[in-house]
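Accompanying notes for the structure given below.
The values are calculated or read from the model by the stated rules, or taken from the named source; none is laboratory data. For clarity, every value in this text was computed on a predicted model and none was experimentally measured. Glycine also receives a Cβ, built like all others from the backbone with ideal geometry; neighbour counts cover every protein chain displayed. For accessibility, only protein heavy atoms count, side chains too; no ligands or nucleic acids. Shrake-Rupley method; radii C 1.70, N 1.55, O 1.52, S 1.80 Å.
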Amino acid sequence: MSRPVGALVTVQRDELEGRWADAGPPRSGFAPATPGVVEPAAVPLMNIANVLTVLRIAIVPLFLAALFAGDGHDPRWRWGAAALFGIAAITDRIDGQLARKYGLVTDFGKLADPIADKALIGAALIGLSMLGDLPWWMTIVIVARELGVTLLRLAVVRRGVIPAGRGGKLKTLVQSVAIAVLLLPLSGGFASAGMALMYVAVVLTVVTGLDYVVQAGRLWFGSPGGGRAA
């Protein structure tokens, strides 16, 4: 009895597919791709977030040069120094947002970003104190706190990471605004407002620093949970 044409085609196709299955995977040297699995792309080192971080570090010596130009109190140079400080402070805000939004977080950025922040704030505080525009005790308190937090971070890094919280972010914001106001060649109420903001910044600096010590202690001694500081 002759088979129908459709049945014959089906049998031949089944036999052909069976031969391919018995032959095993193709010998091209490439493994078949797994459906739905996408290999993560490596984050380039020189991405926009890291470029902004490096730019902030490069601005620091330019800022100091403008701050100490002339006798350190030339209105034109003080405006220039304030502008450079403002640009650097804005990049601090932007680079972190870009890194998180577009997946540009790198080990270099994690290391360079806090260094850039501390270099900018520390340079501004020390410069203002050298020019007599800011009491040295305020500068010492803020700089000592930042150095102490850095050492604590290094001490507990293998046990966990304490993320930045609202208090730390507020501290950084108030510090930046206070420094910017003190950099401007202003007098009267504006100068008083800048100094008042700096007092608030010092209080926030101490409070968030103590909170960081508590949270670091919990991590070190193995207490569950973690706090937030910056």
field: Projected label distance in nm at V203 and A155, using a 7 Å step from Cα toward the beta-carbon
entry: 2.8
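Starting from the Cα-Cα distance between H73 and V51, subtract it from 0.36 nm times their residue separation and give me the gain in nm to one decimal. Intermediate results must be reported in sequence, preceding the final value.
Numbers: separation 22, 0.36 × 22 = 7.92 nm, distance 3.17 nm.
Stretched out fully, the H73 to V51 stretch lengthens by 4.8 nm.
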Per-bin percent of Cα-Cα distances, region 75-114 [10 Å]: 27, 39, 22, 12, 1
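Within the set of other residues whose C-beta is less than 10 Å from the C-beta of A66, count the net charge using Lys and Arg as +1 and Asp and Glu as -1. Walk me through the numbers on the way to the answer.
Values: positive: R76, R78; negative: D74.
Spelling it out: positives minus negatives among the neighbours equals +1.
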field: Segment L64-D107, extension gain: residue separation times 0.36 nm, minus the distance between their alpha carbons
entry: 12.7 nm
message: I need the Kirkwood Rh of region 139-218: take the reciprocal of the average 1/r across all distinct C-alpha pairs and report it in angstrom.
response: 13.6
message: Let me cross-check I121: its accessible surface, 1.4 Å probe, with only protein heavy atoms counted, in Å² to the nearest 10?
response: 20
